[in-house]
Amino acid sequence: MKRLGMSRVVAAVVVTVLVASGCGKKPTPVARPMPPPPPVGGDLGTNPPPPPPPPIVDPPVVTPAVPPDSIGSRSLDAINRDSPLQPVYFALDSFEISPEGRVILQASAEVLKQQSTWQITVEGHCDERGTAEYNLSLGERRSIAAKTYLVSLGIAADRLRTVSYGKEFPFDPGHDEGAWSKNRRAHFVVTSK
């Protein structure tokens, strides 16, 4: 029993010593010598002080000059709002690209060659007639036809993604041939630049 009491005393002493040594005094600050005062009367002696070092100047940041009206400098929203990529329209129940559609796709290919970093989604759309399944299938064939034609003009296939919306997002909400002809289209959206 006495041994147990003695070992507790020894343990308490060891803990106290460790705590005390861990909480030791902070080192006293060392006084740095002060520079000598300037000589009185303007006598600098034989050794003038060295000149100050030249200032460190960071090199100027050079940003490439981009004309403010350049297509590539605009935001994605602005590019898509005033898109240089015009939609291609299709005949009823067709995914064949018309001669007018080829001209539009050739102009779009020229824009895409100039803007070589753009990623595009080709959306296939249909008018409201027909079933949802039929229109999704037809919209897919329209988007693939437009993509295939752009690839044949030299645009890399990995820059073009296709999606079909069928009749879900009509451009014109009307219910006549004028509206339907605007809704049968392949529409281009710039998704990244």
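Can you sort Val190, Val163 so the residue with the fewest Cβ neighbours within 10 Å comes first?
Details: Val190 21, Val163 13.
Lowest to highest Cβ neighbour count: Val163, Val190.
So between Val151 and Leu92, what do we pick up on full extension, going 0.36 nm a residue minus the alpha carbon distance?
On the way: separation 59, 0.36 × 59 = 21.24 nm, distance 2.45 nm.
Extra length available between Val151 and Leu92 comes to 18.8 nm.
Taking 0.36 nm per residue of separation and subtracting the Cα-Cα distance, what length does fully extending Arg129 through Glu110 add? Intermediate values should be presented prior to the final figure.
Details: separation 19, 0.36 × 19 = 6.84 nm, distance 3.40 nm.
Here the segment from Arg129 to Glu110 would lengthen by 3.4 nm.
Just want to confirm a number: the relative contact order over region 89-192, from Cα pairs under 8 angstrom separated by 6+ residues, in percent. Display every interim value, and only then the final one.
Working: 195 pairs, mean separation 41.5, N = 104.
Rounded, it is 40 percent for region 89-192.
First obtain the Kirkwood hydrodynamic radius of region 89-192 from its Cα pairs, then insert it into the Stokes-Einstein equation at 25 °C and 0.890 mPa s, and state the resulting D in µm² per second as a whole number.
Details: Rh = 13.7 Å.
In µm²/s, the coefficient rounds to 179.
Could you list Val103, Val151 so that the one with the fewest beta carbons within 10 Å of its beta carbon is first and the one with the most is last?
Details: Val103 12, Val151 15.
The fewest-first ordering by Cβ neighbours comes to Val103, Val151.
Sort 120-127, 154-161, 135-142 by the packing proxy (mean of other Cβ within 10 Å over each peptide's residues), most packed first.
Final packing ranking: 120-127, 135-142, 154-161.
Using label points projected 7 Å from each Cα along Cα→Cβ, tell me how many nm separate Arg8 and Ser75, to one decimal.
7.4 nm
Quick one: Karplus J couplings for region 176-188, per residue in order, coefficients 6.51, -1.76, 1.60, θ = phi - 60°, nearest Hz, x for Gly and Pro?
Taking θ as phi minus 60°, the curve returns 9, 4, x, 6, 4, 5, 6, 8, 7, 8, 10, 10, 10 Hz for region 176-188.
Among the chymotrypsin sites (Phe, Trp or Tyr not before Pro) within region 69-169, which fall in a DSSP loop and have no more than 14 other Cβ atoms within 10 Å of their own Cβ? Before the final figure, lay out the partial values.
Details: sites: Tyr89, Phe90, Phe95, Trp118, Tyr134, Tyr149, Tyr165; in loops: Phe90, Phe95, Trp118.
Loop-located and lightly packed - none at all.
The numbers here are math on the coordinates, done by the rules we state, and not lab data. The structure presented is a predicted model; accordingly, all values stated were derived computationally and were not measured. Heads up, the Cβs are rebuilt from the backbone with ideal geometry, glycines too, and the neighbour counts pull from every protein chain shown.
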